[in-house]
Amino acid sequence: MELVFLAILVGLMAFALGSGFPVAFSLPGSAIITIALAAASGYLVAGDADAYFHSGGAVQWLSAGVTNFRGVYWEVERDTLIAIPLFIFMGIMLQRSQIAEDLLVAMAQLFGPIPGGLGISVVFVGALLAATTGILGATVVAMGLISLPAMLQRGYSQSLATGTIAASGTLGQIIPPSIVLIILADQLASAVDQASTARKALHKEVTGELTMPSAFEVVSTSAGDMFLGALVPGILLVLLYMAYVLVFALVFPKSAPAVPHDGKYDGKFFTRIALTLIPPLALIFLVLGSIIAGIATVNQAGAIGAIGASIMAGYRLREGHWAAFIPALIGLASIVLITYTLSNYNTNIKNIVTAEDQFGLQLAIIGVTGLSLSIIWSLWRTYTINDTLRGVMIDTAKTTTLVFIILLGAAMLTSAFRAFGGEELVKEFLESMPGGFWSKFIIVMAVIFLLGFFLDFIEIAVVVVPIVAPILLADPSANVTAVWLGVMIGLNIQTSFLTPPFGFALFYLRGVADAAVRTVNMYKGVVPFISLQILALAIVGLNPALVNYLPTRTSLLAETAPPPLNPRLQYSMENYVAEQFEENGDTIKAAIADARALDISYLPEDLRDELTGAYDKADEAFDRMAEIEAAKAAVAAEADGFRPLHSEVRQIQADMRRLDEDIERLERDAGRAEEGSLLQARLTARAEELTAEKAALEALIPDRWAEESTAFAKLTSAEQKARTLYRRTVDDAHEPLAEIRAIIADTDALEALGPGLRDLAGTLSSLTFEEGEERIKAFESGVRAVEGSGDLRSTLSKARRALRGRNPEPEEAAENMALALTIFDDDLAWRKRAAEDLAPGLETYANAIADTIALRGQPRLPTEQALYVAADSAGHRDIALSF
């Protein structure tokens, strides 16, 4: 019965959408009606309203959608949905202030003399417009109204003109900042949590280990990561479009003629081009750059974009007036002043001490006041001129409301889909497909492509992605990142919106195009661009580094970068060190030998032993790395032969697990049925059939599986042990060195304690026991800040304890104070000698091994190593054989 109600749910949704009923109400309406039918049927037929739900009950699933949506929206760590109205406001403000139209005219005049120049300009402006709105309909309609008449009047063929406009209008799906990417990031964040849980469960089941190595965790994403990941694919798509238009114009010059500029290419022309082109570009780069540089979150970047668009609209609406640019110039000057102030002064009011700090605070106040004046002035202009601000706010509210209503409805629909076991059904279907991850992925992408004919990107993102993404992300055979999956889905949605006969972009363009433009020519025009999008999809799919590199690079170079000890970084770091050992091993070994030659005879015995042991471990690191490479080669040599058997058996075991779930469900339903009833007998019989089927599947596992899997597990275990031993070795090689250098570096700090210690020792006898104890305790806190002062602290502690209690022992306290002075003098003596004789040699040695043997001990990855790790980890590493 669950499948019956699942079919009713899908049928109701399809009927509502096909009949033209609003999407915002079709999705939740289908869910509510189906859940109500299931509850009523269960109550009337089985006497239990929850009988026909896969799990839970009617009340739970009716409220689940709203609860889930509310939790996502209000959760602090996932507040990226707040950025949606900000980016919508930004795009609509640029459109209503006619800045987009100015861009097209300027670009057409600049590139017009080039064959196909007007088409290239349309692609360029379409990309910019897409980057400001991300709303497919708005971009296509705007480009159709602005550029289509101009292209047709200048002799462009209908197919090229309409195809270029439709394709450029869909760029908003993938070019950041994009609402599509924000919503995908939000949905994928939940999918990652589910996928991670599923992967841990799979690892525990197949290996028997209680915990999964963190290096095998599913890589999550955020809206900022999605923006970075989509940047290169978006640029790639724009370049492909431009290249096609240029080649088409060269091959068919009459269909895409050059359009010479009537005026002169003088200073006035280029000034006007610069004033038109630079501000929108600067705004886009400011929004994206603030995210990339880690200066702003996605929400803050959205606010920057909204304010920047308002300031630009302020001077555009007053074009020709002598004071048009004054607010913008005040704002620009204020930003420069604020940047200068933050770079050179302390502006924290609580920390204002000097006159220089006060001057910096005054500069900051002037800058903030000027920027506020610029914003208020510009907004006043947009409010009073053509009622622009009111129109922008109304359109922003309408679009945002539509987005959030659809999100809420989709959350309810997804909950209903899960209520009737739809998610399990999809999971079983995908996991039963031969071919591993890529067969699942291709099927999912094909479904999304087809759904793009009928649904908008929001519905696809919030209905389909939560169901299929956890399944794809949990698969260890491809081990894809959520960023890559999100960008691939975004590219796919974009392709489907162009495809005849249902492509949304074609419908929007048909609505604003002149009647003389034939629909068949529009269809012909988009075919080459669909091919280019599929080509881009293939390029990005086969080269995941195009997506993963920028987010990883930004993360590793940020102030909040993970430390080199992070388990996820070890594999790539060890690849880097292996290459360095191969190329510069002799130099590093020579540095170790030079360090051994340093005179350390005057150091305390424990430090001498630790430093000597560190040198031994540094030499040993080369052998440990050789063991890793040998173990890795052994695994690689056996992997190809073992993989087919592994895939076969894991597929059988996956089928057995699905049967276990079905058997458990049947037994549960049988327990609910009336004792001795026909329904109970049928359910029990079916459970027995599945149990026999499971036994038959288990018999299909080849006899050689136990032996070969055990042998391969030994190889992988040997590699992991080699890596673990290497990490312990290099840590032991670095930590004593770092400790001794820190001790030597605190020589001056120790020397500064000398007068106080001698004064304390000399006056202790004249103090009361309580006063002496307090004085020693206060002095201990200063000693505690000095590295390597453990013996001195311990002796002082003994002196302090001797003065405590009912029976103080002043003689013992005096003896310990005298001993403390001796320890202090000895420590200071060898430290001073080490600071002069040993410290330079140790610094040279530390620098020689800093990027290899001591890499794990650095506070953060150096730039060179961070870039290597980012590039090395940007691909997808198959970890299926570890599961």
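The values are calculated or read from the model by the stated rules, or taken from the named source; none is laboratory data. Note that the coordinates shown come from a computational prediction; the quantities given were computed from them, not determined experimentally. Reconstructed Cβ throughout: ideal geometry from the backbone, glycine too, with neighbour counts over all protein chains shown. When the accessible area is computed, the model is the full protein with side chains, heavy atoms only, and any ligands, DNA or RNA have been set aside. Shrake-Rupley method; radii C 1.70, N 1.55, O 1.52, S 1.80 Å.
Got a number for carbon plus sulfur as a percent of the chain's accessible area, 1.4 Å probe? Before the final figure, lay out each step's value.
Numbers: 24600 of 40270 Å².
That share works out to 61 percent.
Once all Cα-Cα distances of region 157-207 are split into 5 Å bins that start at 0, what whole-number percent is in each one?
Values per bin, smallest distances first: 4, 17, 12, 11, 11, 10, 9, 8, 7, 4, 3, 2, 0.
How much FRET efficiency would the formula 1/(1 + (r/R0)^6) give for ILE335 and LEU828, where r is the Cβ-Cβ distance and R0 is 56 Å, rounded to 0.05?
Working: r = 53 Å, r/R0 = 0.95.
Given R0 = 56 Å and the Cβ-Cβ separation, E is 0.60.
Tell me the label-point distance for the pair ALA633, ASN847, using the 7 Å Cα-to-Cβ offset, in nm and rounded to one decimal.
3.5
On C-alpha positions alone, give me the angle between the axis of helix 23-41 and the longest principal axis of the chain, in degrees, nearest 10.
Approximately 80 degrees, to the nearest 10.
Tell me the angle of helix 223-251 to the major Cα principal axis of the chain, expressed in degrees between 0 and 90 and rounded to the nearest ten.
The answer is roughly 50 degrees.
If you filter region 577-662 for chymotrypsin sites (Phe, Trp or Tyr not before Pro), then keep DSSP loop positions with at most 11 other Cβ within 10 Å, what is left?
Details: sites: PHE581, TYR602, TYR615, PHE622, PHE642; in loops: TYR602.
The qualifying sites: there are none.
Can you tell me how much longer the chain between TYR602 and LEU565 gets when fully stretched, taken as 0.36 nm per residue apart minus their C-alpha distance, in nm with one decimal? Walk me through the numbers on the way to the answer.
Working: separation 37, 0.36 × 37 = 13.32 nm, distance 3.34 nm.
Residue separation times 0.36 nm, minus the Cα-Cα distance, leaves 10.0 nm.
Taking 0.36 nm per residue of separation and subtracting the Cα-Cα distance, what length does fully extending LEU402 through SER343 add?
17.0 nm
Going by average Cβ neighbours within 10 Å, how do the peptides 118-124, 604-610, 846-852, 549-555 rank, with the highest at the top? Kindly include the intermediate steps, with their values, before the conclusion.
On the way: 118-124: 27.6, 604-610: 13.3, 846-852: 18.4, 549-555: 20.9.
So the peptides 118-124, 604-610, 846-852, 549-555, ranked by packing, come out 118-124, 549-555, 846-852, 604-610.
Karplus couplings for region 573-587 from phi (6.51 cos²θ - 1.76 cosθ + 1.60, θ = phi - 60°), rounded to Hz, Gly and Pro as x?
4, 5, 4, 5, 5, 4, 5, 5, 4, 5, 8, 10, x, 4, 5
Can you sort PHE111, PHE529 by 1.4 Å-probe accessible area, starting with the largest? Spell out each step's value before the answer.
Working: PHE111 60, PHE529 0 Å².
Listed by decreasing accessible area, they come as PHE111, PHE529.
Ignoring ligands, DNA and RNA, what accessible area per residue does region 452-588 give at 1.4 Å, in Å²?
Numbers: 4840 Å² over 137 residues.
Each residue of region 452-588 exposes 35 Å² on average to a 1.4 Å probe.
Report the normalised scattering of region 582-658 as log10 I(q)/I(0) at q = 0.22, 0.23, 0.26 Å⁻¹, calculated by the Debye formula with identical scatterers on the alpha carbons.
-1.01, -1.04, -1.13
What FRET efficiency comes out for the pair ASP387/ILE443, r = Cβ-Cβ distance, R0 = 56 Å, nearest 0.05?
Details: r = 50 Å, r/R0 = 0.90.
After rounding to 0.05, the efficiency reads 0.65.
At 7 Å along Cα-to-Cβ for each site, give me the label-to-label distance between LYS714 and GLU319 in nm.
7.8
How large is the convex hull of the C-alpha atoms of the chain per residue, in Å³? Can you show the working numbers first?
Details: hull volume 231.7 nm³, N = 883.
About 262 Å³ per residue, rounded to a whole number.
Estimate the FRET efficiency between GLU217 and THR763 by the formula 1/(1 + (r/R0)^6), using the beta-carbon distance for r and 51 Å for R0, to the nearest 0.05.
Working: r = 60 Å, r/R0 = 1.17.
The pair GLU217/THR763 has a calculated efficiency of 0.30.
Highest mean first, what order results for 823-829, 729-735, 338-344, 92-98 on Cβ atoms within 10 Å? Write out the running numbers ahead of the final one.
Details: 823-829: 15.9, 729-735: 20.4, 338-344: 13.7, 92-98: 24.4.
Taking the mean over residues of other Cβ atoms within 10 Å, the ranking is 92-98, 729-735, 823-829, 338-344.
How much solvent-accessible surface does GLU698 expose, in Å² to the nearest 10, with a 1.4 Å probe and all protein chains in place?
110
Can you put TRP438, TRP377, TRP484 in order of accessible area, largest first, using a 1.4 Å probe?
Numbers: TRP438 120, TRP377 85, TRP484 0 Å².
Highest to lowest solvent-accessible surface, that is TRP438, TRP377, TRP484.
Mind giving me the nanometre distance, one decimal, between the label points for ALA692 and ASP514, set 7 Å out from Cα along Cα→Cβ?
So the label points at ALA692 and ASP514 sit 7.5 nm apart.
Multiply the residue gap between ALA685 and THR354 by 0.36 nm, knock off their C-alpha separation, and tell me the result in nm, one decimal place.
On the way: separation 331, 0.36 × 331 = 119.16 nm, distance 8.63 nm.
Using 0.36 nm per residue and subtracting the Cα-Cα distance, I get 110.5 nm.
Over region 665-806, with the other protein chains present, what is the accessible area per residue in square angstrom, probe 1.4 angstrom? List each step's numbers first, then the result.
Working: 8360 Å² over 142 residues.
The answer is 59 Å² per residue.
About the Cα centre, and with charges only on the beta carbon of Lys, Arg (+1) and Asp, Glu (-1), how big is the dipole of the chain? Nearest 20 debye, please. Don't jump to the answer; show the numbers that get you there.
Values: 64 positive and 96 negative charges, 930 e Å.
So the dipole magnitude of the chain works out to roughly 4460 debye.
Determine the distance separating the Cα centre of region 336-386 from the Cα centre of region 774-827; give it in Å without decimals.
So the separation of the two Cα centres works out to 53 Å.
Give me the accessible area per residue for region 346-388, probe 1.4 Å, as a whole number in Å². Let's see the in-between values first.
Working: 2820 Å² over 43 residues.
With the other protein chains kept in place, region 346-388 gives 66 Å² per residue.
Taking the Cα atoms of region 722-862, report the difference between the largest and smallest coordinate on each principal axis, in whole Å and largest first.
Largest first, region 722-862 extends 58, 33, 21 Å along its Cα principal axes.
Output the 0 to 90 degree angle, nearest 10, between the alpha-carbon long axis of helix 117-133 and the longest principal axis computed from the alpha carbons of the chain.
60
How compact and how long is region 616-694, expressed as Rg and Dmax of its alpha-carbon atoms in Å?
Cα-based Rg and Dmax for region 616-694 come out at 24.8, 77 Å.
For region 618-657, what is the convex hull volume of the alpha-carbon atoms per residue, in Å³?
Details: hull volume 2.3 nm³, N = 40.
Here the figure is 58 Å³ per residue.
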